[in-house]
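Take a look at the structure below.
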Amino acid sequence: MKVFEWKNLVNEKGCFEAVSELIDRIERSKLNAYITICKDEALRLAREYDRGNLKGKLAGIPVAVKDNITTKGIRTTCASKMLLNYIPVFDAHVVEKLKSEGAIIIGKTNMDEFGMGTTTETSYFGVVRNPYDLDRVAGGSSGGSAAAVANDEAVLALGSDTGGSIRCPASFCGIYGLKPTYGLVSRYGLIPYANSLEQIGPMAESIEDLALILEVIAGRDERDSTNSGRDFIFREEKVERIGIIKNMDASEEVMNKFYEVMSNFEYGEIEFPSLKYSLASYYIIAMSEASSNLARYDGVRYGHFSPFLTSWSDYYSRVRAEGFGMEVKRRIMLGSYALSAGYYGKYYLKALRARTLIIEDFKKAFAKFDVLVSPTMPSLPFRIGELKDPLTMYKMDVNTVPVNLAGLPALSIPIGFIRGLPVGMQVIGNYFEENKLLSFAKIIEENI
Amino acid sequence: MVSIEEVYHVSRLAKLMITDEEAQRFRKEFEEILSYFDILDEIDESIPPTFHVLEISNIFREDVAKKGLEQSEALLNSPRKEEGYFVGPKVVE
């Protein structure tokens, strides 16, 4: 549902009634998009809206928030047993912004545990199902946010994107999802997985809606030392030079669909020699940062704990063994390995050198083009359980991770269906050129 | 090649207890994943590493005290607390 459609609904029956119906829909849904539904507070705010007391750019609009974004007084789990009962005592920057503009936070959405996955199958709360085929995944890691928007269980949503976690589920669920330029949106209150790669970003059913919520969440925040301090205001810009990244990967049917849409445009092509390094570079950096970030879970200050206080080392190791799922353990272990004595130079430092090469390829490309395009995902949504081993799953992020390594903004646009399943196109822009991305996406939106 | 001893060594570094079954599974998976990472061996050592994508340096603010969390808030999620402190396991072994 688009924002204007929601507003029509509210004008017709009132916000309280509209929100009640939306919550009914969530409670009856088979998708498993939500971990926590904020029923009482959402209904209270809806009533306030009907009384004329809720004001702002997002007044009365139901927004779903990924469950790795901190919400004061509302359980925030990262879809992990480790944080099953964690109640934050502060709001993330983006949540403060949503509230100050009158948004109604409708609930916290399901995801891969700590964002580590491409299918939401690593969630402690079970997989999120695809709204177009319940036997298939919604994508990940922000699968709950994407499925909620696609199935009218929310109007807007926030996700986070470390290596494709907004764009992948947006593509699989047939909606729009944007990973902003690194530093545009404050990460204060985003429970960290890999700090140098991740950004919070919006998910919606139209470009206009995506721009609306991005305007709200972007901007200065001194509590995130990597925040750029820039604001975002949407205005349409000319996009003339479009480049296809030729060596990005997709199945034949996805590629055909992609080129069918691109045949409406004049475009050039470019090859990225560094692309073959991007997955290895991404996974080494993400796992290394994860192994350090997740060291904070000690069973003492918050999170899963053990009733038996043994020695420090034993207690700490046991609590973590009980609280973390398999994929999280795998990444902590591999990250610790990559950073350990004797391997730092072989893995971590090499990954950072590859990162330099990837950034250089993007620099060269943006000297020639305004935006770069590719299929978002190499395939249609997977069947639940289809991806059996970790490396096969990691390889599905091949088109999305280069953007995170470079810190660039990228968007997934729905471009149609194959056998009833959504296909997405990725549009990549230069630093802080979100307006070019959104302008190009709007042309596609109007022509499909 | 990854040995089972290396897997246990890393599990101790990461403070993550693993079962024998998990260790066997990780050994096999790590071998496969790490050999995939070997593609980076082609990269020239003269290329500088990128630690941060944005060229921003430390952003300083005025050194003015601000309101932080109350003690009760900081302790809210802790399973064990005593007289305003967290209770943790014994550190000296």
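The values are calculated or read from the model by the stated rules, or taken from the named source; none is laboratory data. These numbers were taken from a predicted model, which means no experiment stands behind them. Glycine gets a Cβ as well: all are built from the backbone with ideal geometry, and neighbour counts include every protein chain shown.
Quick grid of which residues meet (1) away from chain B (no Cβ under 14 Å); (2) closer than 30 Å to B:Leu16 by Cα; (3) not charged (D, E, K, R):
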residue	(1), (2), (3)
A:Gly323	no, yes, yes
A:Glu327	no, yes, no
A:Ser340	no, yes, yes
A:Gly385	yes, yes, yes
A:Leu391	no, yes, yes
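Examine the range A:367-380 for a residue that is modelled with pLDDT of 95 or more, in a helix (DSSP H, G or I) and away from chain B (no Cβ under 14 Å), and state whether such a residue exists. Yes, there is a match, as at least one residue in the range A:367-380 is modelled with pLDDT of 95 or more, in a helix (DSSP H, G or I) and away from chain B (no Cβ under 14 Å).
Looking only at residues in the range A:198-219 that are assigned to a strand (DSSP E or B), away from chain B (no Cβ under 14 Å) and closer than 20 Å to A:Cys173 by Cβ, the one that is farthest from the chain's Cα centre (by Cα) is A:Ala204.
Quick one: would you say A:Ser313 is out of contact with any Gly (no Cβ under 7 Å at 6 or more places or on another chain), within 24 Å of B:Glu21 (Cα to Cα) and at pLDDT below 95?
Spelling it out, A:Ser313 is indeed out of contact with any Gly (no Cβ under 7 Å at 6 or more places or on another chain), within 24 Å of B:Glu21 (Cα to Cα) and at pLDDT below 95.
Taken over the range A:225-265, the criterion of being surrounded by 16 or more Cβ atoms within 10 Å (Cβ to Cβ), part of a loop (DSSP other than H, G, I, E, B) and aromatic (Phe, Trp, Tyr) is satisfied by A:Phe232, A:Phe234. Within the range A:397-408, restricting attention to residues that are part of a loop (DSSP other than H, G, I, E, B), touching a Pro at 6+ places or on another chain (Cβ under 9 Å) and not polar (S, T, N, Q), the residue that is nearest to the other protein chains (Cβ to nearest Cβ) is A:Leu408.
In the set (1) at negative phi; (2) within 14 Å of another protein chain (Cβ to nearest Cβ); (3) surrounded by fewer than 24 Cβ atoms within 10 Å (Cβ to Cβ), A:Met82 fails one condition alone, (3).
Do we have any residue at all in the range B:33-50 that's surrounded by fewer than 13 Cβ atoms within 10 Å (Cβ to Cβ), facing another protein chain (nearest Cβ under 8 Å), in a loop (DSSP other than H, G, I, E, B) and touching a helix residue (DSSP H, G or I) at 6+ places or on another chain (Cβ under 7 Å)? Yes, the range B:33-50 has at least one match.
A Cβ distance below 9 Å, combined with a sequence gap of six or more or placement on separate chains, defines the contacts here; from the range A:296-307, residues that are at negative phi and surrounded by fewer than 19 Cβ atoms within 10 Å (Cβ to Cβ) reach residues that are among the polar types (S, T, N, Q) and assigned to a loop (DSSP other than H, G, I, E, B) in the pairs A:Arg301/B:Asn77; A:Arg301/B:Ser78. Take the conditions of a type in the set (D, E, K, R) and either outside any loop (DSSP other than H, G, I, E, B) or under 30 Å from A:Ile284 (Cα atoms) (or both) and apply them to A:Glu222. Does it pass? When the stated conditions are applied, A:Glu222 passes them. Taking the criterion of being over 15 Å from A:Pro409 (Cβ atoms), touching a residue at least 60 places away in the same chain (Cβ under 8 Å) and of a type in the set (S, T, N, Q), the residues of the range A:208-267 that qualify are A:Ser251, A:Asn264. Among the residues of the range A:36-53, some residue qualifies, meaning at least one is of a type in the set (A, V, I, L, M) and under 17 Å from A:Ser145 (Cβ atoms). Under the condition of being facing chain A (nearest Cβ under 9 Å) and loosely packed, with under 12 Cβ neighbours inside 10 Å, which residue from the range B:53-66 is modelled with the highest pLDDT? The extreme case among them is B:Arg61.
Where strands (runs of 3 or more DSSP E) fall wholly inside the range A:98-196, the ranges with 1 or more residues that are among the basic types (Lys, Arg) are A:104-109, A:133-137, A:176-179.
Annotation note: of A:Lys350, A:Lys395, the sole residue that is surrounded by fewer than 20 Cβ atoms within 10 Å (Cβ to Cβ) and within 24 Å of A:Glu198 (Cβ to Cβ) is A:Lys395.
In the list A:Glu269, A:Glu253, A:Glu237, A:Glu260, which residue meets the criterion of being at pLDDT 95 or above and touching a Ser or Thr at 6+ places or on another chain (Cβ under 7 Å)?
Working: A:Glu269 fails: touching a Ser or Thr at 6+ places or on another chain (Cβ under 7 Å); A:Glu253 fails: touching a Ser or Thr at 6+ places or on another chain (Cβ under 7 Å); A:Glu260 fails: touching a Ser or Thr at 6+ places or on another chain (Cβ under 7 Å).
Answer to the selection: A:Glu237.
Just one of the listed residues (A:Tyr344, A:Tyr394, A:Tyr337) is outside any helix (DSSP H, G or I) and of a type in the set (Phe, Trp, Tyr), namely A:Tyr344. Just one residue in the set A:Asn435, A:Asn404 is under 20 Å from B:His52 (Cα atoms), of a type in the set (S, T, N, Q) and in contact (Cβ under 8 Å) with a residue 60 or more places away in the chain; that residue is A:Asn404.
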